[in-house]
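Read the structure below first, then the notes.
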Amino acid sequence: MRSYSIRVRAALLTLVMLLAALSAQASPTPTPAPTLPPFDESVPAYDASAPEALTADQLYAQAFLLMNQDDGRVLMEKNADTRMNPASTTKIMTLLLAVEYCPNLSEAVKIPDAAADIPQDSSVVPVQVGEEMTMQDLLYGMMLRSGNDAANAVAVLIGGSIEGFVNMMNARAQELGCTGTHFSNAHGYTADDHYTTVRDMALITQAAMQYSAVRKIVGSGQYTMNRTNMRDEYTIQNSNMLVVYGSDYRYSGATGVKTGTTSAAGQCLVSSAEKNGVRLICVAFKSTTTFAAAKWQDATRLLDYGFSQYKTYTFSELYDMLNLTVPISGAPADDPSGGIIHLSALINRSGSYEKMAYVGSLNELFEDFKNHLSIEYTRDLIAPIEVGTVIGRLTFTPEDGDVITAVLVSDRSVAAVPAEKTDYLGALMSKIPDWVYTLLIALAALLAVLICVRIILAIHHARVRARARKRARERARQRARQRAAAARRNRR
């Protein structure tokens, strides 16, 4: 067994001195008296089949915050910046510092005297002063059994003293951006100057869950403590029922983190879970103590709500949103869609694309999708076009995942406009100047006049000839009468 290096210890002691005068201490802000939503008829009954409809009134917690562990997006909150008693969820910060300052958790440590210096009604692992164990076993005992004795031991082993470690806790909280937090001990036992907010605790938990060692510890349903110089090995169970297999409150996908309950703090629970690549952190403080399962119910409802806010979008769904259309020239005037056709994408090679996204950021996902598309048209967009005609091709190159190519085909047929006969004479006449038309009209009028004169003269000449013929006939008849009269005179 060996202790931490002198160099590390010196650095820590220097840090203690620099942080000796941290921010002024203040007690948590009083929160409203707890209500009991499940028994309040004015609140709609919670519908487990519609987790997305959850409201704050359907939860016991007086302060809560639900956050995406990876990007920090806050999905739901209430009294997120109100100072609250964190109870034993304080140990998340203790665990974070232990992992950061002791990367080798298999290192053996000896339990210091401070482990016994805890309030009489504290929860314990238990560990005994002088007991030799690994730092790993000590941390499992602190988190699963919520041992205040283990938390004090960690504080002295890491910080050199309780006070020094508390200064480290407060300094780390400030580094993480916490604005409503002040720690006065390493375990979370109620104290006037020991408080945080659910927003700050979410930030602390987010930082802690970056470490695989933390995730392994807080996600364990049980753990077997190794034999030490003062006891045999034994198995402990996690107080967080969300991660305990066989528990009535087991939550599918739960990955941690820590419970905490005191009369002043009420039921507190920092929970985490992962489903379909989405990782959530839920901090719920001051759930009622009159309903023993309040914290489990709150966490379950909040986590279900959080996961309901994410959906997996496929390539086909995002392409359909694109609503890709092209205009076809040469379409008839009575075409039902005005010559517009939709293009369907037929994937022609292996590969798939699925993206989990927050429903409220679908527009961002869609814009990113479009930015990674390239489209090339391989056919003239001229009618006629038959349904299923290949119009072009598409290539989708996501930042992560397979490249997808597809052919783009028309979703319907478009007929061509019937061919019209060419009017060559009309085309020719349209090119004749106006003065030519005027001249032709004048000539036509003159011709009409000449024709009329000709007709009139012809009629006149016909009448003259008719009168001449009539006079000739009269003369012929007269001569005939004269000859007949002469003949009669001769016979006498």
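The values are calculated or read from the model by the stated rules, or taken from the named source; none is laboratory data. As the structure is a computational prediction, the values presented were derived from the model and not from experiment. Every residue, glycine among them, receives a Cβ derived from its backbone with ideal geometry; neighbour counts consider all protein chains shown. To get the accessible areas, we keep the full protein, side chains included, count just its heavy atoms, and leave off ligands, DNA and RNA. Shrake-Rupley method; radii C 1.70, N 1.55, O 1.52, S 1.80 Å.
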*Given a Förster radius of 22 Å and the C-beta distance between residue 340 and residue 367 as r, what FRET efficiency does 1/(1 + (r/R0)^6) yield to the nearest 0.05?*
0.40
*Quick one: net charge of residue 231's neighbours, Cβ under 13 Å, K/R +1, D/E -1?*
-4
*Extension reserve of the residue 465-residue 216 stretch, reckoned as 0.36 nm per residue once the Cα distance is removed*: 75.9 nm
_Apply the a/c threshold of 1.5 to the C-alpha gyration tensor of the stretch 248-370 and tell me whether it is rounded, prolate or oblate._
prolate
*At a probe radius of 1.4 Å, what is the per-residue accessible area of residue 308, in Å² to the nearest 10?*
40
_Residue-averaged 222 nm ellipticity for the chain, from DSSP H runs of 4+ at -39500 (n - 2.57), nearest 500_ = -11500 deg cm²/dmol
*the chain - accessible surface per residue (Å², probe 1.4 Å)*: 53
*Count charges around residue 440 for me, please; just the other residues with Cβ under 15 Å from its Cβ, Lys/Arg as +1, Asp/Glu as -1.*
0
*Please give, to one decimal in nm, the separation of the simple spin-label points placed at residue 50 and residue 435, each 7 Å out from Cα toward the Cβ.*
8.6
*Quick one: give the max-minus-min coordinate of the C-alpha atoms of the stretch 291-435 along each principal axis, largest first, in Å.*
105, 34, 26
_Using alpha carbons only, how many angstrom separate the centre of the stretch 89-109 from the centre of the stretch 321-352?_
60
*asked:* Quick check: the angle from helix 148-159's long axis to the longest principal axis of the chain, C-alpha only, nearest 10 degrees?
replied: 90
*Counting only protein heavy atoms and using a 1.4 Å probe, what share of the accessible area of the stretch 201-309 belongs to carbon plus sulfur, as a whole percent?*
44
*What ranking of 381, 343 comes out by heavy-atom accessible area, probe 1.4 Å, highest first?*
381, 343
*Could you give the radius of gyration (one decimal) and Dmax (whole number) of the Cα atoms in the chain, in Å?*
50.0, 200
*Once you put a point 7 Å from the Cα of residue 117 and another 7 Å from the Cα of residue 175, both along the Cβ direction, what distance in nm separates them?*
2.5
*Would you work out if the stretch 357-492 is rounded, prolate or oblate? Take a ≥ b ≥ c from the square roots of the eigenvalues of the alpha-carbon gyration tensor; rounded if a/c is under 1.5, else prolate when a/b is larger than b/c, oblate otherwise.*
prolate
*Rounded accessible area of residue 356 (nearest 10 Å², 1.4 Å probe)*: 50
*Two-site FRET efficiency, residue 232 against residue 264, from Cβ-Cβ distance with R₀ of 35 Å, rounded to 0.05*: 0.45
*Check each of the trypsin sites (Lys or Arg not before Pro) in the stretch 69-166 and keep only those in coil by DSSP with at most 15 other C-beta atoms within 10 angstrom; list them in order.*
73
*Can you put 451, 441 in order of accessible area, largest first, using a 1.4 Å probe?*
441, 451
_Net charge over other residues, Cβ less than 11 angstrom from the Cβ of residue 218 (K, R count +1; D, E count -1)_ = +4
*How much of the accessible area of the stretch 112-195, probe 1.4 Å, is carbon plus sulfur, in whole percent?*
43
*Heads up, I need the accessible area for residue 300: 1.4 angstrom probe, whole protein in place, Å², nearest 10.*
40
*At 37 °C and 0.692 mPa s, what whole-number value in µm²/s does Stokes-Einstein give for the translational diffusion of the stretch 70-133, with Rh from the Kirkwood sum over Cα pairs?*
214
_Stretch in the chain that is longest and holds no GluC sites (Glu not before Pro) that DSSP places in a loop and that have at most 12 other beta carbons within 10 Å_ = 42-232
*What is the calculated FRET efficiency for residue 400 to residue 348, with r their C-beta to C-beta distance and R₀ = 30 Å, to the nearest 0.05?*
0.90
*asked:* Out of the total accessible area of the stretch 330-382 (probe 1.4 Å, heavy atoms of protein only), what percent is carbon and sulfur?
replied: 46
*Taking Rh as the Kirkwood radius, which is the inverse of the mean 1/r over Cα pairs, what is the Rg/Rh value for the stretch 37-157?*
1.13
*Span per principal axis, largest first, for the Cα atoms of the stretch 222-314 (Å)*: 56, 37, 19
